[in-house]
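Here's the structure we're looking at; comments come further down.
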Amino acid sequence: MKAYTRNLLAVLAIILLFTACASEQQLEEIIQQSEEETASLEESTPAEEPVGALPGLPDDVAGYTQWLKLNAEPIPPLGGGDPHNGTKNVYVNQTRDTIAPNGTQEFPYPEGSIVIKEATRPGKDYIGLIAIMRKKAGTDPDQNDWKFIEYVRNAADAEFSIIAQDRICWGCHAQVKDIDYVFTELD
Ligand code: HEC
């Protein structure tokens, strides 16, 4: 090999090495940057939590989408007149360990439990119904001390308002008295 070819190769090798280093460094910078971005996104999540901002709902259910979800898959509308018409998710303010200490769910729910169901109405893209069950000792021993209340709204930016509570809800929910009035079991 001629000397100048060797030199050329050496120069090429150095250039290659340099670009490799440079791009590795760039990559590191990009990774670091995106890590920082993710971190700042995570930091800002609580403030941006949409549920906290759902207007017209009580404060004790703010951020409920971060609670334990009972259903693994969204619950589709029931055929033949769904009492809570829509595609539904059910959350509870308890941990899996508390309500299913040995892997299977145990009943009744502990005092202070809040079970909340959100429903997206068929053909809509916002939550139009919120149904809540709150367990408070002594409030209603005949219904396992559950208080029932339901809210609805008809626009994505509208306030929720109360549509029904307690008595109208018992009839159906008492059908599942053996699992503490809550139809949806932990998946
Ligand atoms: C006609 C029967 C019926 C009536 C009336 C009814 N529910 Fe339900 N509810 C159900 C069924 C069935 C489910 C199971 C999940 C589903 O498919 O929506 C349910 C689910 C729920 C859930 C989620 C926890 C669970 O049980 O799975 C809440 C919370 C709830 N209902 C609250 C209410 C409230 C509040 C009222 C009264 C305003 C009410 N329900 C009236 C039948 C009824």
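Projecting the Cα atoms of 87, 132, 101 onto the dipole axis of the stretch 59-179, where Lys and Arg carry +1 and Asp and Glu carry -1 at the beta carbon, places 87 farthest toward the positive end. In terms of modelled amide H atoms, which long-range or inter-chain residues lie less than 5 Å from the amide H of residue 128? Hits under the 5 Å cutoff: 119, 120, 121. Karplus-derived 3J(HN,Hα) values for the stretch 114-127, using 6.51 cos²θ - 1.76 cosθ + 1.60 with θ = phi - 60°, are 10, 10, 10, 10, 10, 10, 9, 4, x, x, 10, 10, 9, 6 Hz; glycine and proline are entered as x. Model label points for residue 82 and residue 161, set 7 angstrom from Cα along the Cα-to-Cβ axis, are 2.4 nm apart.
When the label point is put 7 Å from the Cα of residue 142 along its Cα-to-beta-carbon vector, which residues of the stretch 167-187 have a backbone N closer than 15 Å? Counting only backbone N, you get 167-175.
Ignoring lysines fewer than eight residues from residue 88 along the same chain, the ones with Cα atoms less than 27 angstrom from its Cα are 69, 117, 124, 135, 136, 147, 177. Spacing of the modelled spin labels on residue 154 and residue 168, each 7 Å from Cα toward Cβ, amounts to 1.5 nm.
Length gained on full extension, residue 178 to residue 124: 16.0 nm, using 0.36 nm per residue less the C-alpha separation.
Every number here is computed from the coordinates shown, using simple stated rules; none is lab data. Since this is a predicted model, take the numbers as computed values, not measurements. Positions of Cβ are backbone-derived with ideal geometry, glycine not excepted, and every protein chain shown enters the neighbour counts.
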